[in-house]
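Below is one structure, written out as structure tokens; comments come after it.
We did not get these values from a lab; they are worked out from the coordinates using the rules stated. Small disclaimer: the values here were computed from a predicted structure and weren't measured. Every residue, glycine among them, receives a Cβ derived from its backbone with ideal geometry; neighbour counts consider all protein chains shown.
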There are 4 protein chains.
Amino acid sequence: MLRIGLLGCGRIGQVHAQSIKTLKGATVTAVADAMPEAANVIATEAGARIDTAQAILESDDVDAVVIGTPTDTHFDLIHGAAASGKAIFCEKPIDMSVDNIRACIEAVDGAGVPFMTGFNRRFDPNFAAVRDRIAAGDIGEVELVTITSRDPAPPPVSYIERSGGLFRDMMIHDFDMARFLIGEEFVSLHAVGSNLVDPAIGVAGDVDTAAVILTTASGRICQISNSRRAAYGYDQRIEVHGVLGMLRAENQLETTVELASSKGFARSPAQHFFLERYTAAYVAEMAAFIDAVETGNAPDPSIRDGLAAQVMADAATLSRETGKPVSL
Amino acid sequence: MLRIGLLGCGRIGQVHAQSIKTLKGATVTAVADAMPEAANVIATEAGARIDTAQAILESDDVDAVVIGTPTDTHFDLIHGAAASGKAIFCEKPIDMSVDNIRACIEAVDGAGVPFMTGFNRRFDPNFAAVRDRIAAGDIGEVELVTITSRDPAPPPVSYIERSGGLFRDMMIHDFDMARFLIGEEFVSLHAVGSNLVDPAIGVAGDVDTAAVILTTASGRICQISNSRRAAYGYDQRIEVHGVLGMLRAENQLETTVELASSKGFARSPAQHFFLERYTAAYVAEMAAFIDAVETGNAPDPSIRDGLAAQVMADAATLSRETGKPVSL
Amino acid sequence: MLRIGLLGCGRIGQVHAQSIKTLKGATVTAVADAMPEAANVIATEAGARIDTAQAILESDDVDAVVIGTPTDTHFDLIHGAAASGKAIFCEKPIDMSVDNIRACIEAVDGAGVPFMTGFNRRFDPNFAAVRDRIAAGDIGEVELVTITSRDPAPPPVSYIERSGGLFRDMMIHDFDMARFLIGEEFVSLHAVGSNLVDPAIGVAGDVDTAAVILTTASGRICQISNSRRAAYGYDQRIEVHGVLGMLRAENQLETTVELASSKGFARSPAQHFFLERYTAAYVAEMAAFIDAVETGNAPDPSIRDGLAAQVMADAATLSRETGKPVSL
Amino acid sequence: MLRIGLLGCGRIGQVHAQSIKTLKGATVTAVADAMPEAANVIATEAGARIDTAQAILESDDVDAVVIGTPTDTHFDLIHGAAASGKAIFCEKPIDMSVDNIRACIEAVDGAGVPFMTGFNRRFDPNFAAVRDRIAAGDIGEVELVTITSRDPAPPPVSYIERSGGLFRDMMIHDFDMARFLIGEEFVSLHAVGSNLVDPAIGVAGDVDTAAVILTTASGRICQISNSRRAAYGYDQRIEVHGVLGMLRAENQLETTVELASSKGFARSPAQHFFLERYTAAYVAEMAAFIDAVETGNAPDPSIRDGLAAQVMADAATLSRETGKPVSL
């Protein structure tokens, strides 16, 4: 039974607590949050104690920590957890600074603790099936990947202001997905971005609509498009072309019901947002973390995957600002 | 070059004239219609002469006749054509009386002329593919067939009054399709029907909504449903279950365009009615007739297929009236 | 907090225990099963005590019972639970004998206890959405319902022998769904059935492939088809036609992934069987039961819905044997 | 009746001759081709005379010319046709040199003859519907367009060598489609390309897999991807995102038939290549040309549309070679 300390009891902390509840083999023993109320909700539901993050890091009845606190606290928590030999699950982004992430890698490697980066989409059953079928040779060598990722509506500008911008807080998931699928590291990136959804986002210095082209050394190509707006629900699709054909994963709709009327054939909207769409992915992700820690296998996605995506997000931000491709 | 005399220049006559125009290997040399204007339209377009049906049947420059006149004229025209040795293509139903159809079979057999019944749906590329793939063993032995056939809107009651009723003018196509797909003759039939679409149809003694169950000696089952109403366009679908799986043919929509909006995902209506949906089928049907006559192969569907479907339509009419199953 | 006694710890008992675990507002306090091992699994997982059914019926810390034992034990358990004032959730069929069900209705009505029949499919989000949208007027008055229900593979013949046959153990769900959707009671039924899947089923006196036509007094029609075989997974579809159009619910596939290759476009099989397909339905069903008991609203589907479906199953069995329609 | 001289009787010439045959209001009176046999086939079928291109340009019984000859002959034929006052339909690309196209514009404008560029895809019923629905406001202001265009198999290298390369012979259609849909001129373009399909294409100095990002002054974005390979048939899809949602046009499959088996649900491949997919588009294109000439309306797409797409193809070629974005 893996004993987990949950650091951060906001929305994502609740998701992980709920996942752990449905899984055998792990239990939440302690929770911490700056907001006592938030901590209380999860503690009650999970039968866990409330404590400070520091106390949890030092406690004997915690084997692993799940870090879902604000990004600027990750660095210290990771160092603390590594120092006390806890296994670490950390939400993306690990840190806004790639230098800091490199420092974290050093700490984690030095301590020899397992570390998993929270790229939940790798565990979506559809996307995971695409990856598995690429590996099984269903489409032969990969040639071109197209990733579409659109949020149903823009976040508050206050969020945008401290998020690091669209490439670092939103497209970072797609950079990881691109790496997950393409089978080779990228060497070059060109990004464009516009402010079409909410003028306030532009005022805050960010874009809300963006597209990126990535290439690998052997010439494989990846296209990514992002928008902070999608009237029809959370738009999460991937398409992978290879020598023998294409694999694609479509959106999950709210129901399978179709209405045929004089206007034609109408199906349900896509599931609204990440909590609906990635429910199964969050459970599978936590199961993979627990399994990796218990078996001693290296968690995947690793801390280096977290670094790689952050490097790409920085490059995209730079490319968009300069109007020039960036080498990776 | 097969020289065709077109008997009947109404809507279906025009369809056949247009099909023959796009085909090599045949030409319309003469046309006849009770309405001079209708005859004139096709004659001009096809470069054919206008004549009486009788003169066409006796003429030396006509090898085959295409009969698209009112049903009550078929009997005499078939006998005339057989007597003068013309190949015959005749629209369904061959005749309202199965005894008359048997008499036609005798005349046609006696004269040894080729005869094809106009069950156009057998030539729909989708339905033909279903049949071909059943024959290829894709689903193993057939177990259950479901046929859905709904017109976009009811015909005028004046048409209903002389059509022989829903089972004889509409479901007759589905009876032929059932025989085309099930791979065995039916032995029993049970029909129900209601008047839900237009009260005037009920006043005229007919139903506008109906369902039938058919069974074969080995226990294969076919379900057919018909309605004179479908808000979303001409509904023409088949589904065939076998040991190894299911083959189904969906409707053809007006376009492949999909609109995703806050209401969900919306596609086009189905193609409106038979002229749109079965355009390719009508051309393929006429090509098959021309090919059969030129090669000397027996045309398919045959005059006996026309009889079999009419027998089933009579049985369904009786079953609906008596509320009892009818043996075939 | 509703305190539940779980009677029967087989497969369906485990499903309900798991549902209750994820719901707030209810807890399993006691479990009973003839097999101590089965009882032990759920008791451990739920933190409940193991007891005899009789003791549970008489216990003070149980407010409601969930009956998932073999059908022939339902009668006594329902009477016992009613006598001790427990709310009752009972799996279908309530009893093989409609007279017995009527006796249960008397007992339940006399005791004034809430009773819910386990027609889980009413709680499938897709089918429930179809019903809601009919009620919202999306397709106007209902005219024709088509229900397709196929198991992935036949059960063991030992199960068939005591199940009451296909119409009573399998199509009973579809009879309830037909009533749920058509908006009017049925007055007539005609059933056909064949033995095409497994000869041993025929030897046991049952059919494995069947179709039924049902009609209402106003002329609405329902078609149902069943088979014990579907190579592509559990086939559970409904289609409802009304004045203004059609509502249909398609199968849920294992993933949204599509492979495009030289053979065409291939999607995943349908979810394998009821445990996969109706996961959400089972949770919603138990939530509805708990909510009904707690609020004092009448549970729906009621014990009378259980009776009505059993009456239809008996009629279908008779119709199939006699080859004649049966009035309801 | 518009009298047409057909210059070039290869594959595309045959397509146009066939289209004209099915249209009322135009007829082919004369044909020319360097290969007598090719000319003979169309002449016989159309009942037209065979002549030299020069004679046709000067002939009194020709109102309009349809130019489907090799690209390097377009310049002289356009000048000749303009000088003799013929209406002109010319296949894309108008010329490999944008300077030459500008000279053609001068000649055409000077002569005041109608000129239409053969961008057939604008007339695809699906793509035309997307454009119409954008214009109707279905998705509000356009934000992002994604165009996927993949040929089923690469052309012979001999074709590649004189085609001007992928951007000029293949993606030029997508550049026109991008302009057709985005509602604003593009100002910047970045292209990448690789040689993944056939090494011989790389040896010939071309790419066979490519992606482009385009942006407009207001920040609208277009992504285009091309490949010379698609195992599942001709892949021709567009997706347009706007404020209120998305419009997308899917591939047209060979049939609507679906096979459900233990492997899942399998549909037909996409229609094989442009002759199958764009049959209706070619007819609609020719109808639009005939209509424009007869009514005196300006043909659309115009000669300037042909120029704009060629400018973009040149820019993409340059961008791919230099690795830098190019301003338009």
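Where does the longest stretch of chain C lie that holds no GluC sites (Glu not before Pro) found in a DSSP loop with 15 or fewer other Cβ atoms within 10 Å?
Numbers: sites that count: C:Glu141, C:Glu184, C:Glu185.
The longest uninterrupted stretch comes out as C:186-328.
For segment A:2-113, what is the charge dipole size about the Cα centre, in debye to the nearest 20, if Lys and Arg each add +1 at the Cβ and Asp and Glu each add -1 at the Cβ?
Working: 8 positive and 15 negative charges, 92 e Å.
Magnitude of the dipole: close to 440 debye.
Indicate, rounded to the nearest 5 percent, the antiparallel portion of the DSSP beta bridges found entirely in segment A:144-230. Spell out each step's value before the answer.
Working: 15 of 22 bridges.
Percent antiparallel among DSSP bridges in segment A:144-230 is about 70.
From the phi of every residue in segment A:48-63, what ³J(HN,Hα) in whole Hz does the Karplus formula 6.51 cos²θ - 1.76 cosθ + 1.60 yield, where θ is phi - 60° and glycine or proline is x?
10, 8, 9, 8, 7, 4, 4, 4, 5, 4, 9, 7, 7, 9, 10, 9
Could you give me D for segment B:1-118, from Stokes-Einstein at 20 °C and 1.002 mPa s, where the hydrodynamic radius is the Kirkwood radius over C-alpha pairs? Units µm² s⁻¹, please.
On the way: Rh = 13.9 Å.
The diffusion coefficient I find is 154 µm²/s.
Can you check what the net charge comes to around D:Ala26, using other residues whose Cβ is under 14 Å from the Cβ of D:Ala26 (Lys, Arg +1; Asp, Glu -1)? Can you show the working numbers first?
Values: positive: D:Arg3, D:Lys21, D:Lys24, D:Lys86; negative: D:Asp61, D:Asp63, D:Glu285, D:Asp291, D:Glu294.
Around D:Ala26, the surrounding residues sum to -1.
For segment D:2-113, calculate the relative contact order in percent as a whole number, restricting contacts to Cα pairs under 8 Å that are 6 or more residues apart.
Working: 200 pairs, mean separation 28.5, N = 112.
Taking the mean separation of contacting Cα pairs over the length of segment D:2-113, I get 25 percent.
Sticking to Cα atoms, compute the Rg of chain D to one decimal and its Dmax as the biggest Cα-Cα distance, whole number, in Å.
20.1, 66
Sort the protein assembly as shown into rounded, prolate or oblate with this rule: let a ≥ b ≥ c be the square roots of the eigenvalues of the Cα gyration tensor; rounded if a/c is under 1.5, and if a/c is not under 1.5, prolate when a/b is larger than b/c, oblate otherwise.
On the way: a/c = 2.57, a/b = 1.13, b/c = 2.28.
Verdict is oblate for the protein assembly as shown.
Put a label point 7 Å from Cα along the Cβ direction on C:Pro155, then list its distances to the equivalent points in the other copies in nm, shortest first.
Nearest to farthest, the other copies are at 4.8, 5.1, 6.4 nm.
What fraction of the Cα pairs in segment C:135-240, stated in percent, has a spacing above 17 angstrom? Provide the component values of the computation, followed by the final result.
Working: 2984 of 5565 pairs.
Looking at segment C:135-240, the distances longer than 17 Å represent 54 percent of pairs.
Residue by residue through B:197-206, how many Cβ atoms from other chains fall within 10 Å of the Cβ on average? It would help to have the intermediate numbers written out before the result.
Details: counts 2, 0, 0, 0, 0, 1, 0, 0, 0, 0.
Averaged over the peptide's residues, the number is 0.
Size of the dipole of segment A:179-229 about the Cα centre, Lys and Arg at +1 and Asp and Glu at -1 on the beta carbon, nothing else charged, in debye to 20? Kindly include the intermediate steps, with their values, before the conclusion.
Numbers: 4 positive and 5 negative charges, 24 e Å.
With Lys and Arg at +1 and Asp and Glu at -1, about 120 debye.
About the Cα centre, and with charges only on the beta carbon of Lys, Arg (+1) and Asp, Glu (-1), how big is the dipole of the protein assembly as shown? Nearest 20 debye, please.
About 0 debye.
Give me a comma-separated list of calculated 3J(HN,Hα) values for segment D:244-261, in order, Karplus coefficients 6.51, -1.76, 1.60 applied at θ = phi - 60°, integers in Hz, x for any Gly or Pro.
Coupling constants for segment D:244-261: 9, x, 10, 10, 9, 10, 8, 5, 8, 8, 4, 9, 9, 7, 10, 9, 9, 9 Hz.
By the scheme Lys and Arg +1, Asp and Glu -1, what is the net charge of all other residues having a beta-carbon under 11 Å from that of D:Asn100? Walk me through the numbers on the way to the answer.
Working: positive: D:Arg102; negative: D:Asp72, D:Asp76, D:Asp95, D:Asp99, D:Glu106.
Net of charged neighbours comes to -4.
Looking at the protein assembly as shown, what % of its DSSP beta bridges pair antiparallel, to the nearest 5? Walk me through the numbers on the way to the answer.
On the way: 162 of 270 bridges.
Restricted to the protein assembly as shown, the bridges split so that about 60 percent are antiparallel.
Search the structure for amide H atoms under 5 Å from the amide H of B:Val113, placed 1.01 Å from N in the peptide plane, and list their residues when 5 or more places away or on another chain.
It is none; the list stays empty.
List the residues whose amide H sits under 5 Å from the amide H of A:Gly140, counting only those 5 or more places along or on another chain, with H placed 1.01 Å from N in the peptide plane.
HN-HN under 5 Å from A:Gly140: A:Leu244.
Inter-copy label distances at B:Glu45, 7 Å along the Cα→beta-carbon direction, one decimal in nm, shortest first?
B:Glu45 label point versus its equivalents elsewhere: 2.1, 6.8, 6.9 nm.
Find the all-direction average of the projected area of the Cα convex hull for segment D:187-328, expressing the result in square nanometres with one decimal place.
On the way: hull surface 52.0 nm².
Convex hull of Cα atoms, orientation-averaged projection: 13.0 nm².
Write down the Å³ per residue value for the convex hull defined by the alpha carbon atoms of segment C:27-78.
Numbers: hull volume 3.9 nm³, N = 52.
Enclosed volume per residue, from the Cα hull, is 75 Å³.
Residues of segment D:125-145 with backbone nitrogen within less than 17 Å of a virtual label 7 Å along the Cα-to-Cβ line of D:Asp300, please, listed as ranges.
D:125-138
If we count other beta carbons within 10 Å of each Cβ, what is the order of C:Asp124, C:Asp198, fewest first?
Numbers: C:Asp124 25, C:Asp198 19.
With the fewest neighbours first, C:Asp124, C:Asp198 line up as C:Asp198, C:Asp124.
Using a 10 Å cut-off on Cβ to Cβ distances, tally the other chain neighbours for every residue of C:135-143 and report the average as a whole number.
Values: counts 0, 0, 0, 4, 4, 2, 1, 1, 9.
The mean count of partner-chain Cβ atoms within 10 Å per residue comes to 2.
Name the helices (complete DSSP H segments) of chain B with a Cα length along the long axis of 18 Å or more and a Kyte-Doolittle mean of at least 0.5, or state none.
On the way: long enough: B:71-83 (19 Å, 0.10); B:98-111 (20 Å, 0.46); B:279-295 (24 Å, 0.89); B:303-322 (29 Å, 0.08).
Membrane-span-like by this rule: B:279-295.
Would you kindly state how much longer the chain becomes between A:Ala153 and A:Ser218 on full extension, computed as 0.36 nm times their sequence separation minus their alpha carbon distance, in nm to one decimal?
Numbers: separation 65, 0.36 × 65 = 23.40 nm, distance 3.69 nm.
Here the answer is 19.7 nm.
Return the percentage of antiparallel bridges among DSSP beta bridges fully within chain A, rounded to the nearest 5 %. If you can, show how the numbers build up before the last one.
Details: 35 of 62 bridges.
Just about 55 percent of them are antiparallel.
Viscosity 1.306 mPa s, temperature 10 °C: give me the Stokes-Einstein translational D for segment C:14-55 in µm²/s, with Rh taken as the Kirkwood radius over C-alpha pairs.
153 µm²/s
For segment A:63-135 and segment B:221-262, what is the separation of their C-alpha centers, rounded to whole Å?
Between the Cα centres of segment A:63-135 and segment B:221-262 lies a distance of 49 Å.
Treat the count of other C-beta atoms within 10 Å as a stand-in for reagent exposure and order B:Phe180, A:Phe167 from fewest to most. Could you put the intermediate results ahead of the total?
Numbers: B:Phe180 23, A:Phe167 30.
Taking fewest neighbouring Cβ atoms as first place, the list is B:Phe180, A:Phe167.
If each label sits 7 angstrom from Cα along the C-beta direction, how far apart, in nm, is C:Ser59 from its counterparts in the other copies?
Taking the point 7 Å beyond Cα along Cα→Cβ, the inter-copy spacings are 3.2, 9.4, 9.9 nm.
Determine, for B:His79, C:His190, the number of other Cβ atoms within 10 Å of each Cβ, and report the residues in order from fewest to most.
Details: B:His79 17, C:His190 26.
Listing B:His79, C:His190 from fewest to most nearby Cβ atoms yields B:His79, C:His190.
Please give the calculated 222 nm ellipticity per residue for chain B, where each DSSP H segment of at least 4 residues contributes -39500 (n - 2.57) and the sum is spread over every residue; nearest 500 deg cm²/dmol?
On the way: 13 runs with 136 residues, N = 328.
The per-residue figure over chain B is -12500 deg cm²/dmol.
Find the relative contact order for chain C and round it to a whole percent, using C-alpha pairs within less than 8 Å whose residues are 6+ positions apart.
Values: 675 pairs, mean separation 63.9, N = 328.
RCO, chain C: 19 percent.
Within 14 Å, Cβ to Cβ, of C:Met171, how many net charges do the neighbouring residues add up to if Lys/Arg are +1 and Asp/Glu are -1?
Details: positive: C:Lys92, C:Arg121, C:Arg150, C:Arg168, C:Arg179, C:Arg228, C:Arg320; negative: C:Asp151, C:Asp169, C:Asp174, C:Asp176, C:Asp206, C:Asp208, C:Asp235, C:Asp314.
Here the charged neighbours net out to -1.
Can you give me the long-range amide H partners of C:Ser188? Hydrogens built in the peptide plane at 1.01 Å from N, cutoff under 5 Å, separation of 5 or more residues or another chain.
Those lying under 5 Å, H to H, from C:Ser188 are C:Thr215, C:Leu328.
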